[in-house]
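The values are calculated or read from the model by the stated rules, or taken from the named source; none is laboratory data. Please read all numbers here as calculations on a predicted model, not as lab measurements. Cβ atoms come from the backbone with ideal geometry, glycine included; neighbour counts cover every protein chain shown. Please note that ligands, DNA and RNA were not included when accessible areas were found on the heavy atoms of the full protein model with its side chains. Shrake-Rupley method; radii C 1.70, N 1.55, O 1.52, S 1.80 Å.
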2 protein chains.
Amino acid sequence: MPSQPPRGFPEAEFRARCEAAQRKMADRGLGALLLTTEPEVRYFTGYLTQFWQSPTRPWFLIIPKSGKPVAVIPTIGAECMGRTWIEDIRTWASPQPNDEGVSLLAETLRELLGEAGRLGLPMGPETHLRMPLNDFAALKAALPGIRFEDSGGLLSSLRMVKSESEIAKITHVCGLVSGVFEQLPEIISSGMTEAEIFRSFKRACLASGVDDVSYLVGGAGPGGYGDIISPPSERAVSAGDVLILDTGALYDGYFCDFDRNYAFERADDAVRNAYRVAYEATEAGLEAAKPGATCRDLFQAMQGVLAKAAPPELGAGGEVGRLGHGLGMQLTEWPSNTAWDETELKPGMVLTLEPGYAFAPGKVMVHEENLVIRETGPQLLTRRAPSELPIIR
Amino acid sequence: MPSQPPRGFPEAEFRARCEAAQRKMADRGLGALLLTTEPEVRYFTGYLTQFWQSPTRPWFLIIPKSGKPVAVIPTIGAECMGRTWIEDIRTWASPQPNDEGVSLLAETLRELLGEAGRLGLPMGPETHLRMPLNDFAALKAALPGIRFEDSGGLLSSLRMVKSESEIAKITHVCGLVSGVFEQLPEIISSGMTEAEIFRSFKRACLASGVDDVSYLVGGAGPGGYGDIISPPSERAVSAGDVLILDTGALYDGYFCDFDRNYAFERADDAVRNAYRVAYEATEAGLEAAKPGATCRDLFQAMQGVLAKAAPPELGAGGEVGRLGHGLGMQLTEWPSNTAWDETELKPGMVLTLEPGYAFAPGKVMVHEENLVIRETGPQLLTRRAPSELPIIR
């Protein structure tokens with residue numbers, strides 16, 4: 001097991017994140033920021049728990065104009081939040097559906113913002129509000145003088161560029177899972193069901209040292225697979241099948257997100273060719289992944305390769321809607337490698353390259369690698385997939 | 001490995017769920033229901049994918065006044081949704097942040113509701129809207145004649161009572177994980193770190209046949225633990241430590257949610273006594289878990305035992321805010337075993353009993369079992385914890 005990077009972050013990192021947000025808030029005239037989702041709260045506090053899987057309790061974090069964030073959370077989280085750098089932790093005994101933190105939150109916001117003020121919330125793409133709509137309406141009604149507005153790309157612009165500590169965690173999990181994919185031909189074989197293959201893969205990942213295999217999708221089919229987001233079936237794979245596994249495994253709350261393809265015993269020319277096309281598209285993406293280029297450039301570099309090979313009647317590539325995306329505390333983050341995303345690549349951005357296309361009716365081929373943008377170009381975090389479709393015999 | 005219940009559900013079950021919702025909608029005069037979260041969409045469609053972990057794309061399901069649900073989803077989900085009983089599947093190429101399905105959704109709602117109508121959405125406790133607030137505002141602006149209102153407890157009242165097929169899935173995963181907990185003393189030992197223990201537990205669960213160990217929290221400490229929602233530390237456990245593991249593992253999209261406690265090598269009287277108190281509180285809960293009783297009755301039965309033992313200066317029990325909850329497609333569901341929840345227990349309800357209390361400063365003891373309410377009383381789905389704190393030697 002390679003030595004693992006330390007868990008958590010030094011307090012200085014949270015302070016820097018918080019102050020960067022506060023500078024952006026000042027630019028926009030926002031008096032405070034209200035956050036409700038797991039990655040938003042964790043980014044500023046380090047508060048890491050799977051307890052978010054329970055939908056019962058909302059959690060609130062307020063970034064004031066200056067100073068440390070203020071947590072307004074259920075009592076059950078007080079001890080765990082108390083171990084972070086946050087000092088001002090206000091709690092209510094939850095669940096309490098007739099006042100699920102709303103009055104405590106309103107009181108806290110009034111204290112931090114005054115009776116009038118501008119409160120930013122994430123309202124844009126890839127965000128949501130994690131509290132009941134009725135409670136949100138009650139909060140607004142309790143704060144008639146306060147303007148609730150979109151904090152716009154404030155958070156995404158911060159989170160898109162990763163620190164070296166964040167990159168180290170993603171690098172670590174990418175390395176562990178690369179090793180598991182390399183061992184996989186010794187672990188799986190024809191005759192196993194998709195469900196058995198998925199379980200074997202997850203066990204091997206855990207044995208290698210990842211914390212969790214939160215995300216694993218894929219599938220197998222004769223000569224290729226048709227769909228890359230399904231859970232495994234109870235169908236046994238057999239000679240001629242092509243398998244894809246696409247996984248988001250975690251180390252200390254940071255994801256890898258990449259896939260690998262395998263054929264069982266034999267592979268026909270069509271699928272071997274499709275594999276090479278996707279491999280070459282990834283190469284073209286790597287070539288383009290330099291500071292100053294945009295996500296659109298990445299898209300076009302990869303799409304240029306796919307479009308030459310993709311049967312036009314099947315959509316000319318890009319069936320998944322984009323050819324990769326940001327990666328970090330979430331399986332997918334801004335930006336998107338698409339024709340419309342003009343985000344400029346900056347050192348520290350962690351991205352996936354994910355070229356995919358339909359090479360025959362009902363058959364797609366998708367590759368994926370993870371990288372970080374450096375001053376000098378891309379640094380691969382995953383160990384590159386083999387250049388030819390591997391065959392499990 | 002015990003034989004597993006079939007995956008998925010017969011179409012008749014989805015039809016029955018849909019028609020039951022439509023009867024309630026008719027009672028309330030709702031012309032349609034708009035759903036945006038994973039369990040809500042899955043309940044009516046059977047659409048099961050981990051792809052929801054990506055926050056990029058919203059997914060919409062509309063339950064019309066009559067007939068099958070209508071899906072308005074990203075193209076990437078069309079194939080997988082096409083394998084469900086849903087026929088009317090409308091897609092847009094996502095991501096597309098300048099119109100992330102909003103105009104397609106508005107058009108579909110206009111078609112189903114007319115220019116004026118009443119649209120229900122879950123807005124109450126334990127719900128949220130999984131789409132950006134800006135998009136929600138745009139949707140409302142596009143449908144000026146349509147009234148968006150709270151669908152109230154419509155969904156929770158349906159989902160709280162499980163079908164036999166649902167109960168079979170929960171029973172299966174509870175049985176598998178009960179077996180893993182029983183084997184655990186042979187798998188873990190002093191000297192292992194918490195992180196190693198967590199990974200060993202997850203691997204054993206996967207080997208036993210669960211699909212995923214989505215949720216695993218807990219911790220260990222000398223003479224007891226202080227917090228039950230944290231991720232594992234890199235601290236090695238040693239003689240005198242008490243460990244709790246609390247897990248939500250999955251089979252075919254349905255959760256178990258229970259815990260077990262273990263001491264390493266030795267246990268002092270205080271923690272052995274606290275264990276017995278929590279065990280007796282669970283017994284009192286089981287005694288009370290009969291059709292016609294309420295969640296409050298369950299709470300009071302358990303709390304009565306805890307209150308006698310709990311040092312009053314430490315809160316007299318109930319630190320987690322409730323003593324159990326509903327269980328199914330989510331780790332926690334309505335209802336809650338609290339002093340205020342007067343939900344009447346009905347046959348088919350699947351619940352956890354989760355008595356816990358602080359028995360010393362910074363030390364809590366929590367037990368948890370899963371059961372289904374039957375005409376004749378409770379049927380345990382987990383194999384009962386030992387009546388005395390088990391000691392791993």
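Listing for the model above:
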{"read-out": "Lone unmet requirement of (1) touching an Asp or Glu at 6+ places or on another chain (Cβ under 7 Å); (2) open to solvent by 30 Å² or more (accessible area, probe 1.4 Å) for B:E100", "value": "(2)"}
{"read-out": "Filter pass, A:W92 being aromatic (F, W, Y), under 29 Å from A:F9 (Cα atoms) and within 12 Å of chain B (Cβ to nearest Cβ)", "value": "yes"}
{"read-out": "Segment B:226-243: number of residues that are within 10 Å of another protein chain (Cβ to nearest Cβ) and in contact with a Leu (Cβ under 9 Å, 6 or more places away or on another chain)", "value": "3"}
{"read-out": "Restricting segment B:52-74 to residues that are out of contact with any Lys or Arg (no Cβ under 8 Å at 6 or more places or on another chain) and without any contact (Cβ under 8 Å) to a residue 40 or more places away in the chain, the residue that is farthest from the other protein chains (Cβ to nearest Cβ)", "value": "B:G67"}
{"read-out": "Qualifying residue in segment B:253-264 (condition: away from chain A (no Cβ under 14 Å) and among the basic types (K, R))", "value": "yes"}
{"read-out": "Check on A:I86, in contact with a strand residue (DSSP E or B) (Cβ under 6 Å, 6 or more places away or on another chain) and of a type outside the set (D, E)", "value": "yes"}
{"read-out": "Residue match in segment B:289-298 (condition: under 15 Å from B:M365 (Cβ atoms) and either under 24 Å from the mean Cα position of the chain (by Cα) or surrounded by 19 or more Cβ atoms within 10 Å (Cβ to Cβ) (or both))", "value": "no"}
{"read-out": "Complete set of residues in segment A:299-337 that are acidic (D, E), open to solvent by 40 Å² or more (accessible area, probe 1.4 Å) and under 22 Å from B:R57 (Cα atoms)", "value": "A:E319"}
{"read-out": "Only one of A:P39, A:P6, A:P55 that is closer than 19 Å to A:I170 by Cβ and assigned to a loop (DSSP other than H, G, I, E, B)", "value": "A:P6"}
{"read-out": "Residues of segment B:146-164 that turn out to be more than 18 Å from the chain's Cα centre (by Cα) and either within 12 Å of chain A (Cβ to nearest Cβ) or under 16 Å from A:D135 (Cα atoms) (or both), as a count", "value": "5"}
{"read-out": "Answer residue from segment B:165-187, given it is over 17 Å from the mean Cα position of the chain (by Cα) and within 14 Å of chain A (Cβ to nearest Cβ) and is surrounded by the most Cβ atoms within 10 Å (Cβ to Cβ) among those", "value": "B:V180"}
{"read-out": "Test result for A:A267, open to solvent by 20 Å² or more (accessible area, probe 1.4 Å) and assigned to a loop (DSSP other than H, G, I, E, B)", "value": "yes"}
{"read-out": "Residues satisfying the stated conditions in segment A:247-261, i.e. farther than 23 Å from A:Y43 by Cβ and open to solvent by 10 Å² or more (accessible area, probe 1.4 Å)", "value": "A:R260"}
{"read-out": "Counted residues, segment A:110-145 - those being under 18 Å from A:V72 (Cβ atoms), charged (D, E, K, R) and within 7 Å of chain B (Cβ to nearest Cβ)", "value": "1"}
{"read-out": "Residue in segment A:202-218 that is more than 14 Å from every other protein chain (Cβ to nearest Cβ), open to solvent by 10 Å² or more (accessible area, probe 1.4 Å) and either among the charged types (D, E, K, R) or closer than 26 Å to A:S387 by Cβ (or both) present", "value": "no"}
